[in-house]
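Take a look at the structure below.
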Amino acid sequence: MCIGIPMKVKSIPFPGHAECEGRGAVETLNSLLLPELKVGDWVLAWNGMATKQITEERAHQVDKALDCLELALNNKVPEVDDAFGDIAQAREKMSTDFMEQLTKRKS
């Protein structure tokens, strides 16, 4: 599984590259997959590349999910419904086994 990091385009230093900022980092990304990028756009970054253009709202959703994962990795209990709202809204479509795993709390 790959996890894209949401980043905002700050400048286009030359064609095919975008200087982006997100989650406390600044990185120059290869943007050849997204030739129509402009300053202010949001992208998902993975392995030095801008892989997908996203909305600002989606960028904030992904940031919340990443914050949630970071809390869990540090043995803290995150607020799952807030971080994964899109999944929480689809609970009735999920299997019982998956729901048990999703709602299991560490004692």
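What follows draws every value from the coordinates through simple rules; no lab data is involved. The shown structure was predicted, so the numbers you read here are calculated from the model rather than taken from an experiment. Neighbour counts are summed over all protein chains in view; Cβ atoms, including those assigned to glycine, are modelled from backbone coordinates with ideal geometry.
Distances between placed amide hydrogens fall under 5 Å for Lys52 paired with Leu44, all partners being 5 or more residues away or on another chain.
Name the shape class, rounded, prolate or oblate, that the alpha-carbon gyration tensor gives for segment 5-54, where a ≥ b ≥ c are the square roots of its eigenvalues, rounded holds for a/c under 1.5, and otherwise prolate holds if a/b is larger than b/c and oblate otherwise. Taking the square roots of the gyration eigenvalues as a ≥ b ≥ c, segment 5-54 is rounded. Rounded to the nearest 500, the helix-only mean residue ellipticity at 222 nm of the chain stands at -9000 deg cm²/dmol, with each DSSP H run of n ≥ 4 adding -39,500 (n - 2.57). Shape class for segment 59-103, computed from the alpha carbon gyration tensor (a ≥ b ≥ c): oblate, with a/c not under 1.5 and a/b at or below b/c. For the chain, relative contact order (Cα pairs under 8 Å, six or more residues apart, normalised by length) works out to 19 percent. Using DSSP to define loop residues, name the trypsin sites (Lys or Arg not before Pro) in segment 12-107 whose beta-carbon has at most 16 other beta-carbon atoms within 10 Å. Passing sites in segment 12-107 are Arg23, Lys38, Lys76, Lys104, Arg105, Lys106. Using alpha carbons only, the radius of gyration of the chain set against its Kirkwood radius gives Rg/Rh = 1.07.
Within the listed set Asp67, Asp81, Asp41, the Gaussian network model of the chain (springs between alpha-carbon atoms below 10 Å) gives the highest mean-square fluctuation for Asp81.
Hey, what angle do you get for helix 56-73 against the long axis of the chain, alpha-carbon based, 0 to 90 degrees rounded to 10? Helix 56-73 and the main axis of the chain meet at about 50 degrees. For segment 5-54, relative contact order (Cα pairs under 8 Å, six or more residues apart, normalised by length) works out to 36 percent.
Mind listing the long-range amide H neighbours of Asp41? Cut-off is under 5 Å, sequence gap 5 or more, other chains count too, H placed in the peptide plane at 1.01 Å from N. The answer is Val9.
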